1. Full extension from A54 to N353: what is 0.36 nm times the residue separation minus their Cα-Cα distance, to one decimal in nm?
2. Find the centroid of the Cα atoms in region 132-149 and in region 241-292, then give the distance between the two in whole Å.
3. If packing is taken as the average number of other Cβ atoms within 10 Å across a peptide's residues, how do 242-248, 136-142, 350-356 rank, most packed first?
4. How far is it, in nm, from the label point at S98 to the one at A297 when both lie 7 Å from their Cα along the line to the Cβ?
5. Take Q192 and T106, extend 7 Å from each Cα along the Cα→Cβ direction, and tell me the distance between the two endpoints in nm.
6. Treat each spin label as a single point 7 Å out from the Cα along the C-beta direction, and report the T245 to A287 distance in nm.
7. Sort V283, V109, V275, V231 so the one with the fewest other Cβ atoms within 10 Å of its own Cβ comes first.
8. Please give the peptides 44-55, 292-303, 172-183 ranked by average Cβ packing (other Cβ atoms within 10 Å per residue), highest first, as a rough proxy for protection.
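Bear in mind that the values in this text are calculations on the coordinates, not laboratory data. Predicted model only: the values in this text are computed from it and were never measured. When we count neighbours, we look across all protein chains shown, and the Cβ atoms used for this are built from the backbone with ideal geometry, even at glycine.
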Amino acid sequence: MISFLLPLIEAIVAQTPGEGQAAWKNGPSPIGARATAHVPVQQYIDWIVALEQALPGRKPRDIIRRVRRMHYSNFSVKPQSQTSQSMDDLIGGTSDNSDDDPPATTAEVVQAVLDGLYSTSAIVTGAGHTVDITHTLCVLDFAVNGRSVYGGAATVGSVFLPNYAVADADLMRASLGWLGDLGSVWSEWMDQRSDRTQATTLTGAQRALFEQQFADRCPLDDLLGDLDGAVLATSPDLMLQPLSTTLASYYKDEATPAALTAAAMNSRQRFHYFVDRSIPAFVHTTASTAPLRVKVAASNAPAMVTLIRNLASITWTQYHRIATRDPATHDPIFLELANRFLKWLQDGLADPNGGVPSWPPQPSARPT
């Protein structure tokens with residue numbers, strides 16, 4: 001996700017990772033433990049409850065921003081990473097917590113809560129699924145706080161970040177989630193190639209290199225975080241009720257049979273709600289509404305290729321420094337990414353027990 005968006009913001013990142021960490025006085029301890037732990041979902045929600053109680057009167061959008069910034073901001077950079085700060089440049093701020101302020105300090109919340117939120121990489125749900133909640137929060141923050149001034153003002157975008165203004169809100173929202181993760185497979189594959197101008201056929205060593213990027217840049221827990229973010233972003237109560245309540249309602253009783261047929265939106269039925277509510281939309285049919293049951297069409301593939309190509313086009317010259325080749329020449333690769341993601345969605349929709357299929361499907365797999 002994030003590495004694919006880096007070219008959009010690298011020209012305006014003013015603070016280095018070292019400076020950001022040093023500036024977080026009264027912050028997590030140790031600062032280097034950012035995003036390394038997998039914790040039970042209820043424990044993570046309990047930490048958010050503690051943060052909400054420590055900051056009374058804050059709106060849900062303020063808490064969402066603060067918790068997202070625990071994971072992606074100038075103050076939460078992974079060691080040797082250049083990407084965490086990008087979210088502050090892409091997502092709009094609030095008056096409660098500026099880009100220059102740390103997400104929270106021990107003057108506001110106890111050390112154990114701050115450390116817990118900061119160190120979480122993923123939550124483990126009741127059904128045993130590992131979900132990268134940091135991806136979820138980026139999508140939620142964009143949904144409630146919008147895009148930054150760099151995305152909202154065409155003149156600013158064209159001066160500082162060429163081509164950024166052409167990225168519409170739907171493209172950016174998807175790029176913070178599933179689309180960015182798919183695109184990062186291609187992006188990282190391009191970075192690892194010895195000759196980026198050579199033919200793009202995925203055979204032999206090039207195929208092996210490409211397949212490795214699914215594990216490195218687009219693992220299953222990332223995608224589940226993307227799906228959950230896209231679903232939760234459509235909740236009508238997202239800006240009205242505490243973030244802890246939103247997460248508790250969504251993940252509650254995931255392992256129970258009742259969750260499979262519940263009329264309310266929940267993580268056991270994430271595939272159906274994702275296809276039904278995703279922005280940009282997927283072409284699909286609805287078999288029932290309570291519980292929600294949908295089917296996604298294989299005909300979505302060409303539109304998905306266009307989305308991946310559009311995102312690639314924004315970053316192509318800047319990221320790969322190749323001005324003479326167009327990402328359209330990579331359409332066969334983009335089509336494989338689209339087909340494999342669609343097949344994964346279809347497998348998830350077809351599971352009568354609301355399970356999570358393995359990712360990625362085989363290269364030969366095609367949606368039906």
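1. Details: separation 299, 0.36 × 299 = 107.64 nm, distance 3.92 nm.
In short, 103.7 nm is gained.
2. So the separation of the two Cα centres works out to 19 Å.
3. Per-residue mean Cβ counts within 10 Å order the peptides as 136-142, 242-248, 350-356.
4. 5.0 nm
5. 4.1 nm
6. Reported label-point gap for T245 and A287 is 3.4 nm.
7. Values: V283 12, V109 21, V275 28, V231 25.
If I rank by nearby Cβ atoms, fewest first, I get V283, V109, V231, V275.
8. Details: 44-55: 19.2, 292-303: 16.6, 172-183: 26.4.
My ranking of the peptides, most packed first, is 172-183, 44-55, 292-303.
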